[in-house]
Structure formats: structure tokens, C-alpha cells
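Q: Let me give you the structure first, and then I'll get to my questions.
The values are calculated or read from the model by the stated rules, or taken from the named source; none is laboratory data. In this text, all values refer to a predicted model and were calculated from it rather than measured experimentally. Methodologically, a virtual Cβ is constructed for each residue, glycine included, from the backbone with ideal geometry; neighbour enumeration extends over all protein chains shown. Please note that ligands, DNA and RNA were not included when accessible areas were found on the heavy atoms of the full protein model with its side chains. Shrake-Rupley method; radii C 1.70, N 1.55, O 1.52, S 1.80 Å.
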Amino acid sequence: NGAICIQPCSPSFHGETSFVCEDRKWQMLSDACANLDVQSLFQVRMLLGGAGGGKPGHGKPADGAKHFGAGNQSCQADFSCIIPDILSSPAIPGNIADIVKLLKNISMLLSENVTRGKMQSYSRIANHILNSSIISNWAFVKDRNAGAILLDSVNLFAGKLLLKNGSESIQEPFIATKGYSIHRNTSGKSFDFSMEFNSTGNITGHVVIPEEELLRLPRASKAISVAFPTLGAILETSQLDPAFVNGMVLSVLLPEELQSILLTFEKLNKLEQLGAQCVGWHSAEERWDPRACRVRAHNVTAVVCVCAHRRRTYTSFSILMAPAAPRSSLLDYITRVGLGLSIFSLVLCLVIEAVVWHHVTKTEITYMRHFCLVNIAASLLVADVLFILAAIVHNTALNYQLCVAATFFLHFFYLALFFWMFTLGLLILYGLLFIFFKITRSVFLAAAFSIGYGCPLVISILTVAITEPKNGYLRSGACWLNWYETKALLALVVPALSIIVMNLIVVLVVVVKTGRSSLGDGCKSQDLSSMIRVSKNVALLTPLLGLTWGFGLATIIDSRSLAFHVVFALLNAFQGFFILLFGTLLDRK
């Protein structure tokens, strides 16, 4: 495509025929790269005064300069020489990252006297990586702050736009810029945007500068607004709820004297059950901040926001939507008290097991039963502690990697809890159905560890490996598995509910077998009583665990129901107490 790939000269380089620019120490390759380094391309073309087009020939360094021509001034005037190469390059993750860096460099180094031509070229470059058809590629961009860098760069560059005849309007499909001259006698100014969001239709946004705000202006000035219909999907949310951007992102660049603006956002998703929150992008902390705005009006199709304009902090705004989960101090109280009691109960359970271990593990069946119970208690204890640590990591806004690690181990130990319950169920089937087949303790331990910890480890690793590269592992604003975008939470829910169903089937088998008189003829009465005790554990704990996660699913399906949230919090927080009660305290032996 006439692209030129360049890299610093290196003795170890073995590639296509090249010539060396002795004065600049560059190797210039005539064959186009699959992954075009657009930033380097821009730099070399500006350096050599490029006007683009065609392949360079092989020869002396001077030939390269001749090929590019003498259009250096026109290229610096509007960047037109780099547009064809950038638009012809595929918007793959590596190119997206390069173009973001390029736009940042242009906004920092070449933003003086931004003419209409400059802004048009800049918008065309940005539009290339904001196209709705390639938004999913942003998930693979290594720099997680690339979206925020792009937003800041565009705002910085657009803020220097020169207004010809008092107004300017530059529109691309996925980025639009409008500007007006304003002064204290202006009777209110508004910006109206109607832009393509995807192949199905457009989305609108509206910015109003109130007349009383304009009275604050000491002199004539300008107001610039930039609309991004697709950028919201790129900027990561960091709210406590699983919130997502549900409208276009509107940047408003005003004089410092103006402090309040009105914005109207059309909703992308117009479902009635979605709550609305007006937010401003905190440029320093790179997150959506609800303190910047408040909701003035809200209906099924649109939200009107009143936002505080702070030139150094808040210049970009949007709306976040999330299923309206109930806010209740009762839920917080249940969680705190329940977790405290659960952790205390599990520690007590493990202490009791340690004290009486030699007295209650005299047969193989009882040893295996108590071994499973100890691992169930230990798994839930670690999970409860990790739950608290995950909350601390989130609330103190520590780094992303810590949150991923906390979620991974939380997922692993919750799964381990259920797989050890499953091992307990298999132990019952072994005791009842394989009466004359005895396994050694070492074989049991190997099988139990493989099921109890091996299966959870495989599932946890696969979940993070599949969803994390797409930024779909974590739930928005919490150290927990994602549900709304990638359904990563199913990697816990499906194994857990499957094990619950299988263990309930085991309980039914126990009821049927113990009802037959022939059962006692085939096994010792001591083993039979041990199997019945194990069955009681499973029969009591399995429905409780099933109810717990059943109500967990109910909170997702009907997130507004306070009753579902309260029951789920009660059952979930008190699981440790239930294990102590039904696994240890109610065992007469």
C-alpha cells in the first residue's frame, strides 16, 4: 500500500533489501509491514517533508527525500500526508495503540493555531479507531488507559480550535466537534449532536450553557464541544454497581469562569428497569465520578444532567446505567455480622476437629468423612477472608492486578467448597454401592485432592485465561467475577448448582438404600451408622448451599427485590455457622 516500515539500524537485523541513511541512522524497508507503526511513519514523513504515495526505490538516502517531495509545510499545516496510510492500516490493537500515541504527540507538540484543516485531519485519524465495528479490538490494547489518553488528547487539541466567523462544525461518523464564540450578552448557547452509534441507528446529545452562566464572562471567549458516540464503551467504569456507559460522551471546553452546564443524553439502552446516574470523567484519577453531576430529569429515552465544569478536572460527561440494586444499611449489617460469625464458627470447627481427630477417625469411612469436612471448612474460611480483602482492595482503589488476584483466589476457594461437598457425596456412594471394594487411604487422598482442589484450579485458570485478555474477568467496580458483559460468573454458578443437584440425587439414593432390609446384611453396623451420619451432613448442608446460590441467581434476575438480597446475604454470610452446627455440633460422637 505504499507504506514504509522503519526501525533503528541494528547489526543483528536480517531482512529485506534496505539502504542506510548515514546521517539519521535509519533502516528504511520497501515492503509494507503487516502491523504498521504509524507513529514512526508520521515522524519520518514529517522529517522528510512527505506528501505520500507509492513505494520508494532502493538507492541513496537522497532518493528517499526526493520521493517524499517538498511538501513539508503543507503536511505540518494539516497532517494530510499521513491520512491515507493511517486510514488504510487495519485498526488492530497494535495500530490502535500507535495511533493513540500519535494523537497524543500531535496534541502536545502541534496544537498551536488549530485550523479547520488540522481539526479535520485529527478527527479523521481519531474516527478510524472509534468506528463501532472495531470497538471490540480495544479490549486487546495493552495499555488499559489508552481510552483515557485518547479523550484527554482530543480535548486538548480541540480546545485550541480557531473559530472562523464565530463558529465551526467538523463532523465525522464517530467524532464531532462544534465551536461558538460567546460573550456575556449571548442569550444562551447550545450544541446539538446527532451521530451514528452503530449500523442500526443514531444517538443524540445536547449541551446548553445557561444564560446566567454567560453573565460571568469578563470578555468574549469561545465554547467548544466534542461528541463521542462510541468512546463510552472503551472507558472502563469504576463504580460499585455493574454500571455501563449508556449514552454518548460529551466534552465541553469552556472558559474557567463558567461553572455549570446542562446536558441531555439519549439512552442507548432504553429498558425501564435501568437506573441512571450522571457522571463526569475525572481526568486526574481516570474514572467516572458521580460527584461532578446530578440528575435533573429522567425518562425512558433520555436523561438531563446538571454538571459542574472544572477545566482541570471535569470536562467530559456521560450517563452510567445499572440495574437498580437496593441500597440498605440492613444488608451491610447482615454482611458484617454474618461474616464475623462465619469466620469465628469455621475457626472453632477446625479447632474442635483438631482436638477430637484421633477419637473420631478410627475407621476409614470416618477418617474420610472428617477429612472432607475439614477441607470444606478450610476452603470457606479462606474464601471469607479473601472476600474481606477483596473489598479492601476495591475500596482503597489499589491496582488492577491485586483485584484480579483476589478474584481468582476467591473463585478458586468457593469452587473448592463445592467440590469437597461433591467428594463427600461420592464418599457416600462408595460406602453404599461398593460394599466389598475397599480403597486405601493414599488412593482416597489422591482422588480427593484431585477433585477438591484440582478441578477448581482448572476452572479458575480457564476462566481468567479466557476472559481477562478481553477485560471481561472482573465485574465493573468490584473485585468479583463479571456477569453483565462476559458471564464469567457462570464459571462458579454452573459447577456449584450442578454439584448441588448431584448431591441431592445422592441423598435420594441413601434414602432408597437404607430403606431396604438387605443393606444391613452386607456391611458392618459401624460403617452403616457412619454412612448415615455422612448422609445427614450432606442432606442438611446441600439444600442450604443450594438455597444460598439459588437466591444469588435471583438477585441477578430481579435486582430490585430487597427480600432476595436480604435472604441471600443471610444464607451466604452464615454458611460457616451452618457447617459448624450441622457438621460438628450436632454429631453426637
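Q: Tally up the residues in region 414-426 that are surrounded by fewer than 22 Cβ atoms within 10 Å (Cβ to Cβ) and closer than 18 Å to A488 by Cα, please.
A: The first filter runs over region 414-426 and keeps only residues surrounded by fewer than 22 Cβ atoms within 10 Å (Cβ to Cβ), leaving 426.
Checking the rest, the ones that are also closer than 18 Å to A488 by Cα come to none.
The number of residues fulfilling the criteria is 0.
Q: Of everything in region 220-244 that's at pLDDT 85 or above and open to solvent by 20 Å² or more (accessible area, probe 1.4 Å), which residue is farthest from the chain's Cα centre (by Cα)?
A: A220
Q: Of all the residues that make up region 139-169, how many are modelled with pLDDT of 90 or more, of a type in the set (A, V, I, L, M), open to solvent by 10 Å² or more (accessible area, probe 1.4 Å) and under 28 Å from the mean Cα position of the chain (by Cα)?
A: Total meeting the criteria: 2.
Q: For region 561-582, state whether one or more residues are modelled with pLDDT under 75, open to solvent by 30 Å² or more (accessible area, probe 1.4 Å) and either within 39 Å of the chain's Cα centre (by Cα) or assigned by the TED database to the domain that holds L417 (or both).
A: First pass over region 561-582, keeping only residues modelled with pLDDT under 75: 561-562.
Narrowing further to those that are open to solvent by 30 Å² or more (accessible area, probe 1.4 Å): 562.
Right, trim to either within 39 Å of the chain's Cα centre (by Cα) or assigned by the TED database to the domain that holds L417 (or both) and you get 562.
Looking for residues that are modelled with pLDDT under 75, open to solvent by 30 Å² or more (accessible area, probe 1.4 Å) and either within 39 Å of the chain's Cα centre (by Cα) or assigned by the TED database to the domain that holds L417 (or both), one finds at least one in region 561-582, hence yes.
Q: Might you let me know whether region 188-211 holds any residue that is crowded, with 17+ Cβ neighbours inside 10 Å, touching a helix residue (DSSP H, G or I) at 6+ places or on another chain (Cβ under 7 Å) and not in a strand (DSSP E or B)?
A: no
Q: Return the total of residues in region 441-475 being of a type outside the set (S, T, N, Q) and touching a helix residue (DSSP H, G or I) at 6+ places or on another chain (Cβ under 7 Å). Steps first, please.
A: Within region 441-475, the subset of a type outside the set (S, T, N, Q) is 441, 443-449, 451-459, 461-462, 464-466, 468-470, 472-475.
With the extra rule that they be touching a helix residue (DSSP H, G or I) at 6+ places or on another chain (Cβ under 7 Å), the set shrinks to 441, 444, 448, 451-453, 455-457, 459, 464, 468-470, 473-474.
The qualifying residues number 16.
Q: Kindly provide the set of residues from region 91-114 that are open to solvent by 70 Å² or more (accessible area, probe 1.4 Å) and of a type outside the set (A, V, I, L, M), ordered by number.
A: Selection gives K101, K104, E112, N113.
Q: Here's something else I'd like to know. Of all residues in region 342-356, count the ones that are touching a helix residue (DSSP H, G or I) at 6+ places or on another chain (Cβ under 7 Å) and more than 12 Å from V385 (Cα to Cα).
A: Count: 6.
Q: Moving to a separate point now. Provide a single number: the residues in region 440-472 that are without any contact (Cβ under 8 Å) to a residue 24 or more places away in the chain and part of a loop (DSSP other than H, G, I, E, B).
A: 1
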